[in-house]
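Step one of this worksheet: look at the structure below.
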Amino acid sequence: MARSKAAGDLAYRSLTAPWDAALELFRFAGASAPARERVESGWGAWDGERLVGALVAERAGGSAMLHGPVVVAPSDAPAEVAVEVASALLASALSHAATQGIDTLFTRPQGLDRIWVRHGFIPVPEAELPAELRGRPGLGLFGWRGGTALWSAAGRGAPRARALGRR
């Protein structure tokens, strides 16, 4: 990202297989990414021909795990620019989820809590992850269900006791 570029001056677009540019950016930043064959979709921020931000997803039925966002910027660039780029990439992923029948998104927060919370993600227990998405590196888990903070583990575990009697 050139020193003169703001987040709005970048070109944002979907990424396509074989995902080379995005996976190389993840490697450069030292961030974990899914195996190439597990990536189902991705979004990028471009400064000319150079990819400067990426977010990728792997899918399991109606759920998906987001990896990233990874944004690279010069060391003297304001941190807020990178946060804006990350937020724009996430907005693209949420739009995609709505059109593809994905009702639940998961992610590892990576210290970007304010981005996730701003977009409707909340902390959720690891038990909520579908089996196909378990075992990914990272600590903590955030989930999104259609942008609502409603989360239910109904049907899991023992039934709750109900109060009997009238009020």
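Quick look at the values:
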{"item": "Single match in 97, 64, 86, 22 (criterion: of a type in the set (Gly, Ala, Ser) and either outside any helix (DSSP H, G or I) or without any contact (Cβ under 8 Å) to a residue 24 or more places away in the chain (or both))", "result": "64"}
{"item": "Residue in region 104-125 that is within 16 Å of residue 42 (Cβ to Cβ) and of a type in the set (Gly, Ala, Ser) present", "result": "no"}
{"item": "Selection within region 93-118 - closer than 12 Å to residue 66 by Cα and either touching a Leu at 6+ places or on another chain (Cβ under 7 Å) or of a type in the set (Gly, Ala, Ser) (or both)", "result": "93, 97, 105, 106, 107, 108"}
{"item": "Only listed residue being out of contact with any Cys (no Cβ under 7 Å at 6 or more places or on another chain) and touching a residue at least 40 places away in the same chain (Cβ under 8 Å), chosen from 117, 39, 81, 124", "result": "81"}
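Yes or no, residue by residue, for (1) in contact with a strand residue (DSSP E or B) (Cβ under 8 Å, 6 or more places away or on another chain); (2) closer than 19 Å to residue 14 by Cα; (3) hydroxyl-bearing (Ser, Thr, Tyr):
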residue: 82; (1), (2), (3): yes, yes, no
residue: 87; (1), (2), (3): no, yes, yes
residue: 98; (1), (2), (3): no, yes, no
residue: 103; (1), (2), (3): yes, no, no
residue: 112; (1), (2), (3): yes, no, no
residue: 121; (1), (2), (3): yes, no, no
residue: 124; (1), (2), (3): yes, no, no
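A short reminder: the numbers here are calculations on the coordinates, not readings from a lab. Keep in mind the model is a prediction, meaning the values are calculated, not measured. Counting neighbours? That spans all protein chains shown, and the Cβs are built from the backbone with ideal geometry, glycine included.
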